[in-house]
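What follows is one structure encoded as structure tokens, with my remarks underneath.
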Amino acid sequence: MSEEILSAQERDVVGELGNISMGSAATALSGLLGKRVEITVPEVEVVAKEKVPELFPERHLLVRVVYQEGLRGENLLFVKEEDAKVMVNLMMGGDGKEGLPEVLGEIEVSAISEAMNQMMGSACTAMSDFLGRRINISPPETIWQDAEAAERTWLEAQKEPFFVVVHFRLSVEGVIDSTMLQIVPLSFAREIVAVLLPEEAAKEEVSAGVGSAKVQEEPLEERGRREEKERAKVKAQPVEFVEFKKRGESQERANLELLFDVTLPLVVELGRTRLSVREILDLGPGSIIELDKLAGEPVDLYVNDVLFARGEVVVIEENFGIRITEIVSPEERMRSIRETRI
């Protein structure tokens, strides 16, 4: 029955998009947990509305994602409670094995909510690149208390008899080997498929298949004479390239002057550090954060988030300033751009 509702090709498209988007989400989650994360091998099935509650894990968190631009719709993501406890423990500096929280309190749910925000943001970016259109989502809503009641309410609000269910394998290095569940309304899944498999492209593919069949049925001798006549009709002539005139320095200067009034953000960075969620929550007035630079080391000057120069901090009357001592090389600047994008 599922193949009649959603063809094998359509299910493959939904699975591939899920694989790409959740792969990007896994990268974001890996940065938060400090461990290698894999979210792979999606299995796609179509389930009747009344059968959906049977798929819910025994105890889980519910993440609701609403697509506002590029695609219109929403879906639910289910994360098992035990997996969420391990993630929170890792985010707070634990090893994911000992000291797991007995219950998910307000702090723990806030931490896992931040993880879901970053995961879904990365997944949305990957979807935008894959579909070739701008896609925006609202901040994901993470529900722990009364999750089952929220699921029932959500299902009742969906006016369609079938849903697409995507099963993902979740693996966190050494501590989690589990699954996650994503539920997508059938109409929303078909909207996604329509972006990647437009009806016109499907028609062209069918007509191309018919045309190729006819060519194969054509006798070889007749095909050879026809191709020879077509080649005889083609007239070849040498290509004539237009000679470009060199620009004068005055013209280049004029073009550069068009940019003189453009403003760019300039930031001086004293240093960086990384803190766990637990350490951040413990911060307060009087807390001291140790940076990765020694006293007296040059500070970095960034222009438009790209490393541009280094210098030393000075005091001008009552204000801080920076005396530039070095302009970074083009190679180092390009390396800075790559690191910023990553």
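Read-outs throughout are calculated quantities, based only on the coordinates presented, and are distinct from any laboratory measurement. For clarity, every value in this text was computed on a predicted model and none was experimentally measured. Glycine gets a Cβ as well: all are built from the backbone with ideal geometry, and neighbour counts include every protein chain shown.
Based on the inverse mean of 1/r over its pairs of different Cα atoms, what is the Kirkwood hydrodynamic radius of the stretch 12-120, in Å?
15.4 Å
Tell me the Rg and the Dmax, in Å, that the Cα atoms of the stretch 61-174 produce.
Final numbers for Rg and Dmax: 15.5, 44 Å.
Could you tell me which of the pairs LYS80/LYS159; LYS85/LYS159; LYS35/LYS97 are separated by over 23 angstrom between their Cα atoms in the structure shown? Before the final figure, lay out the partial values.
Numbers: LYS80/LYS159 27 Å; LYS85/LYS159 34 Å; LYS35/LYS97 13 Å.
Check vs 23 Å cut-off fails for LYS80/LYS159; LYS85/LYS159.
Could you order the peptides 130-136, 294-300, 181-187 from most to least packed, using the average number of other C-beta atoms within 10 Å per residue?
181-187, 130-136, 294-300
Take the alpha-carbon centre of the stretch 17-32, take the same for the stretch 108-172, and report the distance between them in whole Å.
Result: 13 Å between the Cα centres.
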